[in-house]
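The values are calculated or read from the model by the stated rules, or taken from the named source; none is laboratory data. No experiment lies behind these values; they were computed from the predicted model shown. Ideal geometry is used to build each Cβ from the backbone, glycine not excepted, and the neighbour counts take in all protein chains shown.
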Amino acid sequence: MPDYLVAMIGPLAWPAALLAAWLAGEAGQRWLALPRVSSYGLVGFLLAEHQAGLLGRMGGDVLALAADVAFGMILFELGYRINLRWLRSNP
């Protein structure tokens with residue numbers, strides 16, 4: 001991505017990512033019956049530095065810890081919704 005484009009998008013990248021995640025979460029909940037948290041994670045993954053490159057690297061250990069906790073909550077939510085009886089009866 002060109003440097004001038006990064007300089008223009010930089011200050012608005014995180015608020016735009018939060019807005020995109022919120023909209024994707026609502027759309028996924030209404031139309032696909034997915035948990036909102038899974039849509040949040042998908043948007044974050046797609047906009048990350050190594051995918052689309054819109055979101056820069058987070059600085060500091062506190063933000064990294066917050067990202068790890070958020071990812072753990074996503075995995076917990078998805079694991080909570082898996083029905084193990086259905087998996088046993090339909091191998």
Of ALA24, ALA33, ALA67, the only residue that is of a type in the set (Gly, Ala, Ser) and at pLDDT below 80 is ALA67
Could you list, in sequence order, all residues of the range 1-21 that are surrounded by 14 or more Cβ atoms within 10 Å (Cβ to Cβ) and either of a type in the set (D, E, K, R) or at pLDDT below 75 (or both)?
-> ILE9, ALA13, TRP14
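Can you say whether ARG85 is basic (Lys, Arg) and modelled with pLDDT under 75, as far as the supplied structure shows? Walk me through it before giving the result.
Working: basic (Lys, Arg): yes; modelled with pLDDT under 75: no.
In short, no.
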